[in-house]
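Structure record follows, encoded as structure tokens.
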Amino acid sequence: RVFPLQILGILEINKKGFGSGITDVLMHHGVLAVSHSNKKVKMYSIEHIVQRYLTEELTLGKQSSLL
């Protein structure tokens with residue numbers, strides 16, 4: 001048995017969220033690193049993003065209003 005299996009997160013990364021000058025994105029050890037065409041790299045905490053924008057915790061086998 002695998003219950004209860006939790007979905008940790010689904011994160012879409014697109015230019016609308018981070019700007020049109022994105023050249024690369026890397027996720028590693030809880031850090032989201034976004035490279036821009038102006039040679040700058042901005043780093044974001046995945047933990048902070050999840051805490052701020054989490055809409056609902058999902059558990060496999062339980063009903064969700066999102067699905």
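Things to note:
- Working note: Karplus 6.51/-1.76/1.60 with θ = phi - 60° gives segment 45-51 the couplings 7, 4, 4, 5, 4, 5, 4 Hz, where Gly and Pro are set to x.
- Directionally averaged shadow of segment 21-61, computed from the convex hull of its alpha-carbon atoms, nm²: 4.0 nm²
- Within the same chain, lysines fewer than 8 places from Lys15 are excluded, and of the rest, those with a Cα less than 19 Å from its Cα are Lys39, Lys40, Lys42.
- Residues whose amide H lies under 5 Å from that of Leu58, counting only those 5 or more places away or on a different chain, are Ile7; hydrogens are built 1.01 Å from N in the peptide plane.
- Nitroxide proxy distance, nm - points 7 Å out along Cα→Cβ at His48 and Asp24: 2.3 nm
- The phi torsions of segment 14-20, fed into the Karplus equation with coefficients 6.51, -1.76 and 1.60 and a -60° offset, translate into couplings of 9, 5, 4, x, 10, x, 7 Hz, rounded to whole numbers, with Gly and Pro shown as x.
Just so you know, all these numbers are worked out from the coordinates, no wet-lab data involved. None of these values were measured; they are calculated from a predicted model. Positions of Cβ are generated from backbone atoms using ideal geometry, with glycine treated the same way; all protein chains shown enter the neighbour counts.
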